[in-house]
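Visitor: Below is a structure I'd like to ask you about.
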Amino acid sequence: MERTVDDHIYRLRKKLKSWNVFRIHTVRGYGYSLTLTDVQRPNHPSLYDQEVQDAVHGLFRKYQLLGQGNSIVALAAQQEQMGFELSPFYQMYTRFVQGDILWFLEQEDFNPRNRIYWMLLLYTGTAGVTDQKLDLCEQVLSSGLLSKEQERELRILNILEAYVENGQPERAQEGLPLAFAVMERNDLDKFVMPVALMEMYMHLVANHMEKAAELSDRLEGMLSKAPYLRELGRYRLMRGLMLLRTGDVENAERLMDEGLDTLDMAKQELLKIKAVCQIRGFLKLCGTYPMLEEKYAARYERLDQDNGLTLYRPALRRWLEQTLSAV
């Protein structure tokens, strides 16, 4: 039934495309709305004031660094009232942190080169353990479609975490020297904590507990100086996984839930989905915990229903494969 509705909406959008005054919008959790696009917007002087535009986008950059997806979404929703234009990057980033797969699938205003990095991360963040996920990462890396910054981030962070998630921590270990060299050469301080979190996760999967504990201590120090919400949520999750390895199930569950709640508070929907997938995968490494397995399976089901993960994942994969085949 849901697929039938989607097909009808798709055909309607195609028919209305030549009528520039109409636009069908997806309203997540509710359905669709039809709006007139030629309604005159408020002519704020600030739209033409570069100082205002720079100040607003400075806020977006700061909120992105701090991991405050909630603040980014709230600020983006106020662009008409406050009189600023949202840059193409933050149009996509705002939808990305919300895990809005359907929005990315439906966009025709952004060409495939603009979207492919985000589409890849949406797929790899929700697909669980699949060899195809790694293949797509490697194909996108060699496609020439990414910007220099996107290719760098995929190479030093995203693909390494994908190796760990797929039970290949040794491949992530092999890629770490390059990651460290690139960060040092380019003064990429903003990647220090994300890469350290990935490295801690890698050691936990490989059951290198002493090294994981060393990373945990380092991260504690970094977060005491810069308690960014996104990294704080991820760190609490990793601490929970570490306690699960030692058999302290009660405190492990508490910390994992605190991590998920922090990501939820920060409106980091995609990272929350990814975190639940990582918990479920990690539980399989640590023995039999049927109550925890049932709990996080149910949590994933709710996220699946809220975000259409199972519904939209095949279309997401097809889009990636078709875009890559056209290169």
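Visitor: Check L120, L102 and return the single one that is in the same structural domain as E161 (by TED's automatic domain parsing) and within 30 Å of A326 (Cα to Cα).
Guide: Selected residue: L120, the only one of L120, L102 that is in the same structural domain as E161 (by TED's automatic domain parsing) and within 30 Å of A326 (Cα to Cα).
Visitor: Next question, about the same structure. Would it be correct to say that V129 is at pLDDT 95 or above and touching a helix residue (DSSP H, G or I) at 6+ places or on another chain (Cβ under 8 Å)?
Guide: In short, no.
Listed here are the residues, each with its yes/no results for (1) crowded, with 21+ Cβ neighbours inside 10 Å; (2) in a helix (DSSP H, G or I); (3) free of Cβ contacts under 8 Å to residues at least 24 places away in the same chain.
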| site | (1), (2), (3) |
| --- | --- |
| E138 | no, yes, yes |
| E153 | no, yes, no |
| L160 | yes, yes, no |
| V164 | yes, yes, no |
| E170 | no, yes, no |
| D187 | no, no, yes |
| V195 | no, yes, no |
| A212 | yes, yes, no |
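Visitor: For the range 79-108, give me each residue that is closer than 15 Å to K267 by Cα, part of a loop (DSSP other than H, G, I, E, B) and in contact with a helix residue (DSSP H, G or I) (Cβ under 6 Å, 6 or more places away or on another chain).
Guide: Within the range 79-108, Q98, G99 meet the criteria.
Visitor: Scan E170, E165 and give me the residue that is under 26 Å from L283 (Cβ atoms), at pLDDT 95 or above and assigned by TED's automatic domain parsing to the domain that holds L120.
Guide: Every option except E170 fails the conditions.
Visitor: Residues that are farther than 20 Å from T124 by Cβ and free of Cβ contacts under 8 Å to residues at least 60 places away in the same chain: which helices (runs of 4 or more DSSP H) entirely in the range 216-327 hold 2 or more of them?
Guide: 229-246, 249-265, 290-307
Visitor: Could you check the range 208-233 and list, in sequence order, the residues that are under 21 Å from the mean Cα position of the chain (by Cα) and basic (K, R)?
Guide: Residue satisfying the conditions is R230 alone.
Visitor: So which of V73, V52, V56 ends up being within 15 Å of Q268 (Cα to Cα) and either in contact (Cβ under 8 Å) with a residue 12 or more places away in the chain or more than 15 Å from the chain's Cα centre (by Cα) (or both)?
Guide: Sole residue among the options that is within 15 Å of Q268 (Cα to Cα) and either in contact (Cβ under 8 Å) with a residue 12 or more places away in the chain or more than 15 Å from the chain's Cα centre (by Cα) (or both): V73.
Visitor: Just one of the numbered conditions (1) modelled with pLDDT under 95; (2) of a type outside the set (K, R); (3) within 20 Å of Y63 (Cβ to Cβ) is not true of Y289; which one?
Guide: Result: Y289 passes all but (3).
The values are calculated or read from the model by the stated rules, or taken from the named source; none is laboratory data. Since this is a predicted model, take the numbers as computed values, not measurements. Please note: Cβ atoms are built from the backbone with ideal geometry, for glycine as well, and neighbour counts cover all protein chains shown.
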